[in-house]
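Peer 1: Below: one structure in structure tokens.
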Amino acid sequence: MSDANARPAAPSARPLSPHLQVYRMTLTMAMSIVHRITGGALYVGALLLAWWLIAASTNARVFSTISWFLASWMGQIILFGFTWALFHHLLGGIRHFLWDAAYGMDHPEREYLAQATLIGAIVLTIAVWAISFMVR
């Protein structure tokens, strides 16, 4: 029988794949979304770091411009957010590594790991910034 004479397939009795509206938002789902967002933020932060390094290698005027920007209130907020994104993405990566090793997949452990990712990123960010202000 050729393809031209084939009858269309009967509709499948299987349900369609559910979409996001079907699921209740959980902390692990939110952490997965934030993990992707922090990955994008790290890309932008890497461009900022490259700008700083290129400015340091060119001349003092260009370097003083970016140093002024990074020392401003807006630059400090951006650097604080970059630091948080770095730690959140790092801890999220460790969480995914544990899942890849088949640890923490059950219900309470999943939530504990998500909470640890969130709390750990905040604590590490504040610790790094506190140390940096003490060293100044």
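No lab work stands behind these numbers, since they all come straight from the coordinates. A quick note: this is a predicted structure, and the numbers were derived from the prediction, not measured. Positions of Cβ are generated from backbone atoms using ideal geometry, with glycine treated the same way; all protein chains shown enter the neighbour counts.
Peer 1: Can you give the extra length, in nm with one decimal, that the chain gains between Ile94 and Trp68 once fully stretched, where that is 0.36 nm per residue apart less the Cα-Cα distance?
Peer 2: Working it through step by step, the gained length comes to 5.9 nm.
Peer 1: Would you please state the base-10 log of I(q)/I(0) at q = 0.13, 0.15, 0.20 1/Å for segment 41-136, with intensities from the Debye formula using one equal scatterer on every alpha carbon?
Peer 2: -0.59, -0.71, -1.00
Peer 1: Separate question: Just grab the label-to-label distance for Met29 and Leu49, each label 7 Å out from Cα along the Cβ direction, in nm (one decimal).
Peer 2: Reported label-point gap for Met29 and Leu49 is 3.3 nm.
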